[in-house]
1. Got at least one residue in region 367-378 being within 20 Å of R269 (Cβ to Cβ), charged (D, E, K, R) and open to solvent by less than 50 Å² (accessible area, probe 1.4 Å)?
2. So A21 passes all but one of these: (1) open to solvent by 50 Å² or more (accessible area, probe 1.4 Å); (2) touching a helix residue (DSSP H, G or I) at 6+ places or on another chain (Cβ under 8 Å). Which condition number does it fail?
3. Looking at region 285-296, I want the residues that are at positive phi and have a partner that is among the charged types (D, E, K, R) and open to solvent by 40 Å² or more (accessible area, probe 1.4 Å) with Cβ atoms under 7 Å, at least 6 apart or on another chain. Which pairs are those?
4. Inside region 36-84, can you point out the residues that are outside any loop (DSSP other than H, G, I, E, B) and among the hydroxyl-bearing types (S, T, Y)?
5. Just checking, how many residues over region 177-221 are under 25 Å from A21 (Cα atoms), open to solvent by 60 Å² or more (accessible area, probe 1.4 Å) and basic (K, R)?
6. Across region 351-365, what is the number of residues that are farther than 21 Å from A258 by Cβ and open to solvent by 10 Å² or more (accessible area, probe 1.4 Å)?
7. Inspect region 272-283 for any residue being open to solvent by less than 60 Å² (accessible area, probe 1.4 Å), out of contact with any strand residue (DSSP E or B) (no Cβ under 7 Å at 6 or more places or on another chain) and over 16 Å from R375 (Cβ atoms) and give the result as yes or no.
8. Sort out which residues of region 261-271 are under 18 Å from A161 (Cβ atoms) and open to solvent by less than 20 Å² (accessible area, probe 1.4 Å), and write them in order of number.
Amino acid sequence: MAVVPVIPVMIPDLGEEEARAAAEAVRSGWVAQGPRVARFEREFAAAVGAGHGVAVSSCTTGLHLALVLLDIKPGDEVIVPSLSFIATANAVRYVGATPVFADVDLATGNLTVDTVGAVRTPRTRAIIAVHQGGVPFDTVALRKAADDWGVGLVEDAACAAGSTAYGAPAGTGAKVAAWSFHPRKLITTGEGGMVTVDDADAAARLRRLREHGMNVSAADRHASKQPVLEAYLETAYNYRMTDIQAAVGLVQLGKLAALVAQRRRLAARYQTLLADIAGLIPVTDPSYGQTNYQSFWVLLTPAYKRARDEVLAELAARGVSARRGIMAAHLEPAYADVTPGPLPVTERITRQSLILPLHHKLTEADQDHIAGVLRELAAR
């Protein structure tokens, strides 16, 4: 029986340059948080238009620190999209606050001023808005609304490195944003994340929070020619990135522009190939920005006449490793104790969408095959 070649949904773009950089970090003897982390912070912040970067162990820990920075506490409500990886809602529970689920826009999968306003209460202290799958939310509208309401806005930019809004990188102007370097993202450090802010005092506190609350970093202590007696200013965490990870991240960051350009070219080709298939709506750019196409999802409407799970099964049988669409946290057992208001768009997207392969090794022949399977299913 012939083996069907598998087209992966995602492959990280890692090679010899990353391997050499990691090896050099190991040979240097400095493998924990050190000079490479500091350089990665500076260069990543510059790339996304932020004043300061604070490297952390994951985007999830970055979201947690962002809420600590905003002084979110038990009894507070934080509005989040249910349509997001579950870490977005989990971060709210880490600080003892209550996640309140808001619906999203059908075209972008993102929160809007209207969907947030529909669930805002006097207890709302913050919003976590996600640039979903790399599609930027309307930063101008939602940032202004948050300011007008007097609530904090945390930007979950896990997928958004290389995306733009209103002509600037998605992180430009964010009061606090958290980013991911998981292997499913455009650039990766294996695991790892970053928090970006413009305020220097906020950056200094975030650095303390990620390192047990110490007022002097381990790197600064080791660099000093005199003994340094550190103090621990508050109860904090061990959320550090290693220099090995940062060495890989610096190489990856140098590839970001080329990766975005390639993904946008492949996404445009997908959109052309799929344009004539009735009932299938591909993700596209919003009017105010450009997505990096971290994920390329398609929404199936009733006109397609095939259930999402049936399509996934058929693609798998034909060697295509697709995935279900973005999850809805309120439908997971972990949030069974939460009774949200109506979330019709969220539930439609999570049940009727799927993510197609998109990565640097995807060929035009791969895309032709994937589009052919989808067209064949629509025609049956």
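1. Here is the first cut: in region 367-378, the residues within 20 Å of R269 (Cβ to Cβ) are 367-378.
Checking the rest, the ones that are also charged (D, E, K, R) come to 368, 375-376.
Applying the additional criterion that residues be open to solvent by less than 50 Å² (accessible area, probe 1.4 Å) yields none.
No, the conditions are met nowhere in region 367-378.
2. All conditions pass for A21, except number (1).
3. Y293/R264
4. Restricting attention to region 36-84, the residues satisfying the condition of being outside any loop (DSSP other than H, G, I, E, B) are 36-47, 52-56, 59-69, 77-81, 83.
T60, T61 - these are the residues of region 36-84 that are outside any loop (DSSP other than H, G, I, E, B) and among the hydroxyl-bearing types (S, T, Y).
5. Restricting attention to region 177-221, the residues satisfying the condition of being under 25 Å from A21 (Cα atoms) are 178-196, 207, 210-211, 217-221.
From what is left, the residues that are open to solvent by 60 Å² or more (accessible area, probe 1.4 Å) are 182, 184, 191, 207, 220-221.
Filter once more, so that each one left must be basic (K, R): 184, 207, 221.
Selection size over region 177-221: 3.
6. Residues that pass the stated criteria total 4.
7. The first filter runs over region 272-283 and keeps only residues open to solvent by less than 60 Å² (accessible area, probe 1.4 Å), leaving 273-274, 277, 279-280, 282-283.
Cutting the leftovers down to out of contact with any strand residue (DSSP E or B) (no Cβ under 7 Å at 6 or more places or on another chain) gives us 273, 277.
If we keep only those that are over 16 Å from R375 (Cβ atoms) too, we end up with none.
There is no residue in region 272-283 that is open to solvent by less than 60 Å² (accessible area, probe 1.4 Å), out of contact with any strand residue (DSSP E or B) (no Cβ under 7 Å at 6 or more places or on another chain) and over 16 Å from R375 (Cβ atoms).
8. First pass over region 261-271, keeping only residues under 18 Å from A161 (Cβ atoms): 261-267.
Listed by number, the residues that qualify are R263, L266, A267.
The values are calculated or read from the model by the stated rules, or taken from the named source; none is laboratory data. Values in this document were obtained by computation on a predicted structure and should not be read as measured data. Here the Cβ is made from the backbone with ideal geometry for all residues, glycine too, and neighbour counts use every protein chain on show. Surface accessibility is based on the protein's heavy atoms, side chains included, excluding ligands, DNA and RNA. Shrake-Rupley method; radii C 1.70, N 1.55, O 1.52, S 1.80 Å.
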